[in-house]
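Below is one structure, written out as structure tokens; comments come after it.
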Amino acid sequence: MNLNLENKLSIVVPVYNVETTIERAVQSLFENEYKNVEVLLIDDGSTDTSGTICDKLSKKSDNIYCYHKENGGLSSARNYGLKKVNGNFIAFLDSDDYYLPGCIDRVMNDFQENDPDIVCFGLKKGKTEDESIELVEKKKIGCNTSEAVELLFRSKATDFYAWNKVFKRHLFNDIEFPEGKLYEDMVPIYHAFKKAKTVDILDFTGIFYFQNSNSIVYQDFNPKQYDNISQRKILLEYINIEFPELSAQANNRVIDGYLSTGFKIANSSSNNIGSLKTYKASKKEVSKLLSDHEFKKTITITRKIAIYIYILNAKLYRFLYKLVLKK
């Protein structure tokens, strides 16, 4: 593939009440030699000064475009951006994260050399870079579809994130992010990987994922966090039909959803009525899953022990999760 000036990279950046981080995110996009980039800032009904900041940024550069819309959530903003992009390649950056210097250069060079449909790269995650965890997968060029989908399950550096990958635009011609849901990356990224002929995994750290303690994911339990389970169940349905050889990994991923969400439920405040209701419902659901012999035999022994403790005693599960499982 001849990666010339006609090959534009479109980066969709949803923006909602991130006045302290949005400029940092945008600045990171231009710390590269590759300049054929357009940045689409999608102001999703911000109530702080984020929208004004985006307007100022767009006036400073011909490569930055700002759009304002009513609040609809992260998926809604991404879908809006997908309709506006002009590039042959597309990436998604959350506005409190940022690319590390040279990331785009290395990704676009790989597209030129190897012509994959998707390029993935490693990440740092934490509250600061100095205190971050670094996750990088071994370099793999030309992964076929089944190999790439398996890596989504097996590699913490790859996983179902939208933001540590760059895609050929055509992959998203008929893919949208599920609006009104949390953990919205999982199913769309699976569909993109399923459509890709080849995927390249690069062994460098390209993005810093900011673990924001103000995010709903880190706050007291909210029933919306149950999307962490429901999205995994949807994924499991696809895997059972399209990649049955990966059903065990998908089954374990569903149980992981119950375990991580279960900790948030068990760790919620005593007056959180929604958590108690959800706890009872989740126990019934997971008990039904484990009554399926074929499902049960694919679950690792550690997960089985953990989920049975969760069913029997939420307080004990919370203690053990803090002590062992969360490490």
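Results, tabulated for the structure shown:
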read-out: Residue list for the stretch 112-128, filter: open to solvent by 70 Å² or more (accessible area, probe 1.4 Å) and either in contact (Cβ under 8 Å) with a residue 60 or more places away in the chain or assigned to a strand (DSSP E or B) (or both); value: 112, 127
read-out: Complete set of residues in the stretch 131-170 that are open to solvent by 60 Å² or more (accessible area, probe 1.4 Å) and in a helix (DSSP H, G or I); value: 147, 150, 154, 170
read-out: Residue check, residue 95 surrounded by fewer than 20 Cβ atoms within 10 Å (Cβ to Cβ) and at negative phi; value: no
read-out: Matching residues, the stretch 188-213, being open to solvent by 20 Å² or more (accessible area, probe 1.4 Å), under 19 Å from residue 156 (Cβ atoms) and within 15 Å of the chain's Cα centre (by Cα); value: 209, 210, 211
read-out: Flag if residue 255 is open to solvent by less than 40 Å² (accessible area, probe 1.4 Å) and out of contact with any Phe, Trp or Tyr (no Cβ under 8 Å at 6 or more places or on another chain); value: yes
read-out: Scope the stretch 204-217; condition more than 22 Å from residue 29 (Cβ to Cβ) and either modelled with pLDDT of 85 or more or touching a helix residue (DSSP H, G or I) at 6+ places or on another chain (Cβ under 9 Å) (or both); matching residues; value: 216, 217
read-out: Selected residue (only one of 310, 321 is under 18 Å from residue 221 (Cα atoms), touching a helix residue (DSSP H, G or I) at 6+ places or on another chain (Cβ under 7 Å), modelled with pLDDT of 90 or more and surrounded by 18 or more Cβ atoms within 10 Å (Cβ to Cβ)); value: 310
read-out: Residue satisfying condition, being of a type in the set (D, E, K, R), modelled with pLDDT under 90 and surrounded by 15 or more Cβ atoms within 10 Å (Cβ to Cβ), within set 264, 283; value: 264
read-out: Criterion (under 18 Å from residue 233 (Cα atoms), among the basic types (Lys, Arg) and in contact with a Leu (Cβ under 6 Å, 6 or more places away or on another chain)) met by exactly one of 288, 284, 296; value: 296
read-out: For residue 88: the one exception among (1) buried (at least 20 other Cβ atoms within 10 Å of the Cβ); (2) in contact with a strand residue (DSSP E or B) (Cβ under 8 Å, 6 or more places away or on another chain); value: (1)
read-out: Elements of type helices (runs of 4 or more DSSP H) contained in the stretch 221-327, each with 2 or more residues being under 27 Å from residue 75 (Cβ atoms) and not β-branched (Val, Ile, Thr); value: 227-242, 247-266, 273-290
read-out: Those residues of the stretch 280-305 which are touching a residue at least 40 places away in the same chain (Cβ under 8 Å) and within 12 Å of residue 266 (Cβ to Cβ), in sequence order; value: 282
read-out: Matching option when the condition is more than 19 Å from residue 253 (Cα to Cα) and either in contact with a Cys (Cβ under 6 Å, 6 or more places away or on another chain) or surrounded by fewer than 14 Cβ atoms within 10 Å (Cβ to Cβ) (or both), among 288, 315; value: 315
read-out: Matching residues in the stretch 174-184 - criterion: being open to solvent by 20 Å² or more (accessible area, probe 1.4 Å) and closer than 25 Å to residue 24 by Cβ; value: 182, 183, 184
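The values are calculated or read from the model by the stated rules, or taken from the named source; none is laboratory data. Being a predicted model, the structure only gives us computed values, none of them experimental. Counting neighbours? That spans all protein chains shown, and the Cβs are built from the backbone with ideal geometry, glycine included. Ligands, DNA and RNA are excluded from the accessible area calculation, which covers all protein heavy atoms including side chains. Shrake-Rupley method; radii C 1.70, N 1.55, O 1.52, S 1.80 Å.
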